[in-house]
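Working notes, structure below.
Here, each number is a calculation from the coordinates, and none is a lab measurement. Keep in mind the model is a prediction, meaning the values are calculated, not measured. FYI the Cβ positions are ideal-geometry reconstructions off the backbone, even for glycines, and counts take in every protein chain you see.
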Amino acid sequence: MLRADGFVLTVELSGFRSDKGAAVVLLYDNADAFPTKSKLALSKQRVSVIGGLAKVEFPNLKAGDYAVAAFHDINDNRKMDTNFLGIPKEPIGVSNDAKGRMGPPSFKDAKFAVSGSQTVRITIK
């Protein structure tokens, strides 16, 4: 669906092992920020997890390349908990189910093109 003000990206998340806390979903259009610099994300949303699922919409997008990173903020402390090496202690997921090699996934592996309203599905692991 094209709105007068842009496209709508719907992100559907599955794989949550509980409904505790919240899902945090970050939309990036910047390879240098993805996925660890949340303050540089284009948009960030927190939503409830219901029945192991969560869903968010990012409206008003222009055509271009984007990537999504998400995590399950189980303890609801509003941040991604990591160990002393910076490895996430909470379940995460990224677009294209991209995997990191000796670090977080790259924007290149996680990006997808938006040229119309669409839905992206991510499994939280």
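Within 10 Å of each residue's Cβ, count the other Cβ atoms and sort D76, D19 from fewest upward. List each step's numbers first, then the result.
Working: D76 9, D19 16.
Ascending Cβ contact count within 10 Å gives the list D76, D19.
Counting beta carbons within 10 Å around each of V24, V68 and listing the fewest first gives the order V24, V68. Take every DSSP beta bridge whose two residues both sit in the chain; close to 80 percent of them are antiparallel. For log10 I(q)/I(0) by the Debye sum over Cα atoms at q = 0.12, 0.18, 0.20, 0.21 Å⁻¹, the candidate list reads (1) -0.48, -0.94, -1.07, -1.13; (2) -0.41, -0.93, -1.14, -1.24; (3) -0.66, -1.07, -1.15, -1.19; the entry that matches the value derived from this model is (2). Helices in the chain, meaning DSSP H runs of at least 4 residues, each add -39500 (n - 2.57). Divided by all residues, the mean residue ellipticity at 222 nm is -500 deg cm²/dmol.
The ranking of D109, D32, D81 by Cβ neighbour count inside 10 Å, starting from the fewest, reads D32, D81, D109. Comparing R17, R78, R101 in a Gaussian network model of the chain where C-alpha atoms under 10 Å apart are linked, the largest mean-square fluctuation is found at R101. Using the Cβ of Q45 as centre and a radius below 11 Å, the other residues enclosed give a net charge of +2, where K and R count +1 and D and E count -1.
When the chain is treated as a Gaussian network with alpha carbon springs shorter than 10 Å, the biggest mean-square fluctuation among A67, A33, A110 belongs to A33.
How charged is the neighbourhood of I87? Take every other residue with its Cβ under 15 Å from the Cβ of I87, and add Lys/Arg as +1 and Asp/Glu as -1.
Local charge sum for I87: +3.
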